[in-house]
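Please treat every number below as a calculation from the coordinates, not as lab data. Keep in mind that this is a model prediction, so the values were computed, not measured. Please note: Cβ atoms are built from the backbone with ideal geometry, for glycine as well, and neighbour counts cover all protein chains shown.
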Amino acid sequence: MRTRNKAFLSCAILAGVLLAATGVMAADPSPPTSCTTTNGWNVQAEGPTQVTCVDDPNAQCTEIVYAVTHDDITAPPDHVFTLVRAEAELTEPPADSSSVFPVCVGDNVTQVGLFACHEVAVRLNEEGTTRRFHVQARGNRAPLATSVVVKKGRRSVGSCAIVGVGLEGLSPFQNIQTVETVTFKECTVNFFFNALTGEFEDAELAEGSESCDFFETTVDKLDLALNVPVGTCTTPPCDLGIGQFGEGYVATGDGSCTTRVIGGRVYTWGRPCP
């Protein structure tokens, strides 16, 4: 059973220990959704999204659409390529077309996919004159960093890193979480993270800790102070100001009250607390 006791929290921490982190949380590992190739083409990804497969109205596919433009070139690019996991079953472009090149070999003109044996090079087909290029694979597949390659003219070939169709399993359409469990002085709190991106999502008391106090609020409600002279403040407690960002733990009171700052939020729990 999950128990939650939400309350407004504005506290001054009078302690000689500051929160451990001075920067934001680790960067989101999700692949970029836009990039600029080394020969100046701008690529914007839409997706991955879950759609009906183009060849089967009863099946679900994962699709990404790449919009390719150039600030100085009005004509469309000659060719656009990407790299897709070898085990992915493509429906667009059709897997049996000449647009999908063998593993380890790739395209014989641009060398895209040469020596890449875990993925295939795919030449994308333009949607009319819109400069939109589709790649679609069966099933629910997670996003994964890949490359888009744009060719214009005989000598101009450039590439950049962007989101692509990745592994089947953890899907962008599923909310799968991992749990970090923290126990202190008979009180246990579960912290939930997105298993796909690693982002922090939520926290609540674990089963068996229902009698513990538990409060949460945003970090801008946290007021820090030190019980020693600081700067122009000669009469403690000295106010350090309102919280902005950070990550870390601090214990207060008689030692049974714990505060954690994570993901822009403040969680305080204990028995009793404060």
Note to self: Taking a ≥ b ≥ c as the square roots of the Cα gyration tensor eigenvalues, with a/c under 1.5 meaning rounded and otherwise prolate when a/b beats b/c, else oblate, which class fits the chain?
What the structure shows: prolate
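Determine the shape class of the range 134-272: with a ≥ b ≥ c the square roots of the Cα gyration tensor eigenvalues, call it rounded for a/c under 1.5, and otherwise prolate if a/b is greater than b/c, oblate otherwise. Intermediate results must be reported in sequence, preceding the final value.
Working: a/c = 5.07, a/b = 1.82, b/c = 2.79.
It is oblate, given that a/c is not under 1.5 and a/b is not larger than b/c.
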Notebook entry, point to check: Spin-label point model (7 Å from Cα, Cβ direction): what's the CYS233 to VAL182 distance in nm?
Noted result: 2.3 nm
Notebook entry, point to check: What nm value, rounded to one decimal, do you get for the distance between ASP220 and ASP254 when each label is placed 7 Å out toward the C-beta?
Noted result: 3.6 nm
Item checked: Rounded to the nearest 20 debye, dipole of the chain from Cβ charges on Lys, Arg, Asp, Glu -> 500 debye
Notebook entry, point to check: From the Cα gyration tensor of the range 190-274, with a ≥ b ≥ c the square roots of its eigenvalues, which class applies: rounded if a/c is under 1.5, or else prolate if a/b is larger than b/c, or else oblate?
Noted result: oblate
Item checked: Gain on full stretching of the segment that runs from ILE73 to LEU240 - 0.36 nm per residue minus C-alpha separation -> 54.8 nm
Notebook entry, point to check: Which peptide among 120-127, 61-68 comes first, and what is the full order, when sorted by highest mean count of other Cβ atoms within 10 Å?
Noted result: 61-68, 120-127
